[in-house]
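The values are calculated or read from the model by the stated rules, or taken from the named source; none is laboratory data. All of these numbers come straight from a predicted model, not from anything done at the bench. A quick note on method: Cβ atoms are made from the backbone with ideal geometry, for glycine too, and the neighbour counts reach across all protein chains shown. These accessible areas exclude ligands, DNA and RNA; they are computed on the full protein's heavy atoms, side chains included. Shrake-Rupley method; radii C 1.70, N 1.55, O 1.52, S 1.80 Å.
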Amino acid sequence: MSETSQLLTVKEVQSRLGWSRATIYRHMSAGQFPKPRRLSSGSVRWDQRDIEELIRVGTDAWKEQSEAAL
């Protein structure tokens, strides 16, 4: 995928971050994690670029960036 970003499953996100599923959703609830894209009623994916940015800046900075964008 050259121009578009890959969409990651929760297992792929867990693998990249080394976090449990519960930790990912806890950070989402706190506004410290990218929101997933809902593909269907039981399927969500995260944009690879969002996860890479989260890894680069950390969860606190992610939350600040998200709040500043509003």
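Things to note:
- Just one residue in the set Trp19, Trp46 is modelled with pLDDT of 90 or more and over 11 Å from the mean Cα position of the chain (by Cα); that residue is Trp19.
- Taking the criterion of being farther than 18 Å from Arg21 by Cβ and touching a helix residue (DSSP H, G or I) at 6+ places or on another chain (Cβ under 8 Å), the residues of the stretch 32-61 that qualify are Glu53, Val57.
- Scanning the stretch 8-63 for residues that are open to solvent by 60 Å² or more (accessible area, probe 1.4 Å), assigned to a helix (DSSP H, G or I) and among the charged types (D, E, K, R) yields a total of 10.
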